[in-house]
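The values are calculated or read from the model by the stated rules, or taken from the named source; none is laboratory data. Treat the numbers as computed from the prediction; the structure is a model and nothing was measured. Every residue, glycine as well, gets a Cβ built from its backbone with ideal geometry; the counts of neighbours run over all protein chains shown. Surface accessibility is based on the protein's heavy atoms, side chains included, excluding ligands, DNA and RNA. Shrake-Rupley method; radii C 1.70, N 1.55, O 1.52, S 1.80 Å.
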Amino acid sequence: MNGAIAPPDIRSVPGTEQLRAAAGRIRERIVDMCASQEGGHIGGSMSLVEILVALYFDALRIDPEHPDDPDRDILVLSKGHGGIGLYATLAERGFFPVERLAEYGTAGSEFMAHPHPEIPGVEMPTGSLGHGLALGLGFALAARLDRSDRRSFVVMGDGELQEGSVWEAAAVASSQGLDNLTAVIDRNELQITGGTEEVVRLEPLADRWRAFGWHTYEVDGHDLDALRGVLHAAPEPGRPTMVIARTVKGKGLPFVEGQARSHYARLSGRQRQRAMSALRAATERSQA
């Protein structure tokens, strides 16, 4: 390792209240993008927010001014339909000006429904579900061959766990002892066609990952302290880490929370106003 990016200094990491405020701003920007002519994947982006904040503002060793630094940690957003959540997080983290989010969905824009690596901070184009974990383990294997302490992170949806390629990658990662690989599942229990347990049953999910040889945690995916705790925990030697983050699809918007219809939406002006009012009221309650 060349040492271009130092590990996060705990004194410089924002406190929980600052991170909650960042999460609130990110949610508002997701709403704005979903109120564009294009609309967007609002439900799965809202459920991801605290996961992305905990990663980009705390766990990941990254430098927004040098997004291609070879010593950076790698994050692959396997659930590419959470792309607008990723864009809003990258802008908040300083990878590009927040004003660029207004380009989302416009003709010729790089800001599309699914992430594109032309955008600073986006590592891989994703959205064909079931492939992200294999990409992440590839980065982890490459780091081992490079004798680098670079870490690899993958954020997955729960619906994509129905893909066999996920479990093939899971088996390879544990058999290779990739303790530099961490995956996080956005476990909101919904996919485009309904509840995951109604489509193809996944539970007992934690037991399945443990059976595949992964060191596995289960946390509230909207609890920043809980997420930061497990993401900072020392990896178990010789085993990849899985974090099952229990979340709510459409988190923060009472009129779509926990509903499959929130998968993709184009918000009207009235719906945008309603959404913003709900988010700001929640912020005020948290600060009271």
Check your understanding: Counting only heavy atoms of protein chains, what accessible area per residue, in Å², does the chain have with a probe of 1.4 Å?
Key -> 43 Å²
Revision key, fill the gap. Among GluC sites (Glu not before Pro) in the stretch 21-85, those in a DSSP loop whose Cβ has at most 12 other Cβ atoms within 10 Å are GLU65
Exercise for review: Identify, among LEU60, ILE30, LEU48, the residue whose Cα sits farthest towards the positive end of the charge dipole of the chain, taking +1 on the Cβ of Lys and Arg and -1 on the Cβ of Asp and Glu, with the dipole about the Cα centre.
Suggested key: ILE30
Exercise for review: With runs of 4+ DSSP H residues as the only contributors, calculate the mean residue ellipticity of the chain at 222 nm using -39,500 (n - 2.57) per run, divided by the residue total and rounded to the nearest 500.
Suggested key: -11000 deg cm²/dmol
Review point. Plugging the Kirkwood radius over Cα pairs into Stokes-Einstein for the chain, at a temperature of 10 °C and a viscosity of 1.306 mPa s, what D comes out in µm²/s?
Key: 84 µm²/s
Review point. Under 19 Å from the 7 Å Cα→Cβ point of ASP223, by amide nitrogen: which residues of the stretch 236-253?
Key: 242-249, 251-252
**Study point:** For the stretch 75-226, alpha-carbon Rg over 2.2 N^0.38 Å
**Key:** 1.09
Exercise for review: For helix 16-34, report the angle its Cα long axis makes with the longest principal axis of the Cα atoms of the chain; keep it between 0 and 90° and round to the nearest 10°.
Suggested key: 60 degrees
Check your understanding: Dipole of the stretch 115-261, Cα-centred, from +1 at each Lys and Arg C-beta and -1 at each Asp and Glu C-beta, to the nearest 20 debye?
Key -> 240 debye
Check your understanding: How long is the gain from ALA102 to GLN259 if the chain were fully straight, where each residue apart is worth 0.36 nm and the alpha carbon distance is subtracted?
Key -> 53.8 nm
**Study point:** Candidates per trypsin sites (Lys or Arg not before Pro) in the stretch 95-189, loop by DSSP, up to 10 other Cβ within 10 Å
**Key:** ARG147
Point to revise | Length gained when the stretch ALA206-ALA282 is fully extended (0.36 nm per residue, less Cα-Cα span) | key: 24.3 nm
Study note, to complete from the structure: Given the candidates GLY94, ASN188, ALA169, the one whose Cα lies deepest towards the positive end of the charge dipole of the chain, counting +1 at each Lys or Arg C-beta and -1 at each Asp or Glu C-beta, is ASN188
Practice item. Rounded to the nearest 0.05, what FRET efficiency do ARG266 and ARG147 give with R0 = 51 Å and r taken as the Cβ-Cβ distance? Could you check? Key: 0.55
Practice item. Give a residue-ordered list of calculated ³J(HN,Hα) values for the stretch 240-256 (Karplus: 6.51 cos²θ - 1.76 cosθ + 1.60, θ = phi - 60°; whole Hz; x for Gly, Pro). Key: x, 10, 10, 10, 8, 9, 6, 10, 10, 5, x, 3, x, 10, x, 7, 10
Review point. Roughly how many percent of the accessible protein surface of the stretch 140-288 is carbon and sulfur, given a 1.4 Å probe and a whole-percent answer?
Key: 49 percent
Exercise for review: Could you size up the charge dipole of the chain around its Cα centre, putting +1 on the beta carbon of Lys and Arg and -1 on that of Asp and Glu, and report it in debye to the nearest 20?
Suggested key: 640 debye
